1. Give the lysines reachable from A:Lys22 as a straight Cα distance under 25 Å; neighbours fewer than 8 places away on the same chain don't count.
2. When a/c reaches 1.5 or more, the comparison of a/b and b/c decides; with that in mind, is segment A:48-115 rounded, prolate or oblate per its Cα gyration tensor?
3. Report P(r) for the protein assembly as shown: all Cα-Cα distances, bin width 10 Å, range 0 to the bin holding the largest distance, values in whole percent.
4. Just the accessible area for A:Phe73, please: 1.4 Å probe, Å², rounded to the nearest 10?
5. In Å, what Rg and Dmax follow from the Cα atoms of chain B?
6. Can you give the Rg and Dmax of segment A:12-95 based on its C-alpha atoms, in angstrom?
7. Within 10 Å of each Cβ in B:39-47, how many Cβ atoms from other chains are there, averaged over the peptide?
8. How would A:Ser52, A:Ser93, A:Ser26 rank on accessible area, largest to smallest, probe 1.4 Å?
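The values are calculated or read from the model by the stated rules, or taken from the named source; none is laboratory data. Quantities reported herein were computed from a predicted structural model and do not represent experimental measurements. Backbone-built Cβ (ideal geometry, glycine too); neighbour counts: all protein chains shown. Ligands, DNA and RNA are stripped out before the accessible areas are found, and what is left, the full protein with its side chains, is counted by its heavy atoms. Shrake-Rupley method; radii C 1.70, N 1.55, O 1.52, S 1.80 Å.
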Amino acid sequence: GENVEQHPSTLSVQEGDSAVIKCTYSDSASNYFPWYKQELGKRPQLIIDIRSNVGEKKDQRIAVTLNKTAKHFSLHITETQPEDSAVYFCAASPYGSGNTGKLIFGQGTTLQVKP
Amino acid sequence: DSGVTQTPKHLITATGQRVTLRCSPRSGDLSVYWYQQSLDQGLQFLIQYYNGEERAKGNILERFSAQQFPDLHSELNLSSLELGDSALYFCASSGGGFPSLASGSTDTQYFGPGTRLTVL
């Protein structure tokens, strides 16, 4: 079935270091891969997304890479700051089942940036 | 602020009861998605409506149902509540029901603030 695996479940880095979160998906026809940041008790907020027609996308300190052959995508955060501390979710939009746009989420990564 | 609104913010009820959660999408968005977030299950897709019609179903229990009204707001009805139904319920909205590579940002989903349901 449709599945997204996310690793690691927790990640602790020093301020200024880089953080990398990786996800793999099962539906090879998935075509849309967003990343959401969720602070405690708040809504998931979209931070970056990538579509299957590109391999990499960057927005300031955040970048996402996509490897369609291997069916995995990664989030890279450089020069981390304490305010980056949150739970990060990857998601995939499976093309099958009518391509409805529903999102299948990974289990989340709790990122802690130590000052 | 994403432009998606949800009411109520908090809901406390007893087992066996029935509740209704409400969601208003961003202006112009036709699709509404419902997700359940519990501690051990992460964010789980429940159901999607597009312009008043059901478009996709996830692992939604038979005790749960939803609908989207002509003004595009949506309601999620949860009945015969159990302790395990306690969770955060989010709705999200997007522009269209059939995202494509050519459609640009229409498949971007914006989340509401959520309704925290506690079943005692």
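1. Filter leaves A:Lys37, A:Lys42, A:Lys57, A:Lys58, A:Lys68, A:Lys71, A:Lys102, A:Lys114.
2. Prolate, since a/c reaches 1.5 and a/b exceeds b/c.
3. In order of increasing distance, the bins hold 8, 33, 36, 19, 4, 0 percent.
4. We get 0 Å² for A:Phe73.
5. Gyration radius and largest Cα-Cα distance of chain B: 13.9, 47 Å.
6. Just the Cα atoms of segment A:12-95 yield Rg and Dmax of 12.9, 38 Å.
7. Counting other chains' Cβ atoms within 10 Å and averaging over B:39-47 gives 4.
8. Order by accessible area, largest first: A:Ser26, A:Ser52, A:Ser93.
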